[in-house]
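Take a look at the structure below.
Quick note: the coordinates plus some simple rules give every number you see, no bench work behind them. On a predicted model such as this, the values are computed, not experimentally measured, just so you know. Reconstructed Cβ throughout: ideal geometry from the backbone, glycine too, with neighbour counts over all protein chains shown.
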Amino acid sequence: MQEPLIIPCVDIQSGRAVRLFEGDPDRETVYFDSPLDAARHWVGLGAGLVHLVDLDAATGRGENRAVIAQITQELGVPVEVGGGIRSREAAEELLRLGVDRVVIGTAAVKQPELVRELITAHGPERVVVSLDARGLEVATHGWAQGSGVMVADLTPTLADAGLETLIFTDVTRDGTLRGLNRDLMAQVRRLWMNTLIVGGGVANLDDVRLLREEHIEGAIVGRAIYEGTLPFPAVLD
């Protein structure tokens, strides 16, 4: 297995690059006034993939489509985008803008057939599902609601739909720098044997070692690399 891939995250809220504490849109830290500058910063340090989240679309407060289009057109490396993609039309609009992969969250829980439709139309390399959870219960609508659906209920359906890459985020730790929950990550690894990318609390190189030990392919990281508790690029000895 290759070394775990660390994917910089640029969360966009009200046109700025922010990080939220435990997913709360009212508890934000602004790191860059320009999300494009944030994305360029990580690419300049060697990022080969950037993860964008439209927080306003995820929470129903608006959208940042123009900013995402600019980043996609100017960045020069692949971009994946999540946040509020709840229809085939919304996903395909982003793909037309040049986004490399769309990240389906709430809709994968509420409309699992959408995942199959998109994979059939565009291929598994263009579609990612993101399951945000408290423990192993999936949270939806920008993490505001518990769904009553367990991760274990969804993974067989997603695999059957042809999904290759799953993102799992531990909402209770996201943006907290508390470190990954090893037991939870190990449980999710057992539930998903295709490509697994995780997030939620990544703090330092110990978390990257945990990824390697649990044979998890990578992590989406925000606050730790913005604040320097995890060096980027992250190199293990």
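Using every alpha carbon pair in region 149-194, what percent of pairs falls into each 5 Å bin from 0 up to the bin containing the largest distance?
4, 19, 29, 22, 15, 8, 2
With the convex hull built on the Cα atoms of region 192-237, state its orientation-averaged projected area in nm². Walk me through the numbers on the way to the answer.
On the way: hull surface 12.8 nm².
The Cα convex hull of region 192-237, projected and averaged over all directions, gives 3.2 nm².
Using the count of nearby Cβ atoms within 10 Å as a rough guide to exposure, how do 150, 193 rank from fewest to most? Provide the component values of the computation, followed by the final result.
Details: 150 14, 193 11.
Ascending Cβ contact count within 10 Å gives the list 193, 150.
Kirkwood Rh, Cα Rg: Rg to Rh for region 113-237? Don't skip to the answer; put the middle values down first.
Numbers: Rg = 14.7 Å, Rh = 15.0 Å.
Across region 113-237, the Cα-based Rg/Rh ratio is 0.98.
Only Lys, Arg, Asp and Glu count, each charged at its Cβ (+1, +1, -1, -1), so figure out the dipole size of the chain about its Cα centre, rounded to 20 debye.
On the way: 22 positive and 35 negative charges, 17 e Å.
With only Lys, Arg, Asp and Glu charged at Cβ, the dipole is about 80 debye.
What number in nm² do you get for the chain if you take the convex hull of its Cα atoms and divide its surface by four? Could you put the intermediate results ahead of the total?
Numbers: hull surface 44.4 nm².
It is 11.1 nm².
Going by how many other Cβ atoms sit within 10 Å of their own, how do 101, 178 line up, fewest first? Walk me through the numbers on the way to the answer.
On the way: 101 21, 178 15.
Taking fewest neighbouring Cβ atoms as first place, the list is 178, 101.
So what is the relative contact order of region 5-227, in percent, for Cα pairs below 8 Å that sit 6 or more residues apart?
It rounds to 18 percent for region 5-227.
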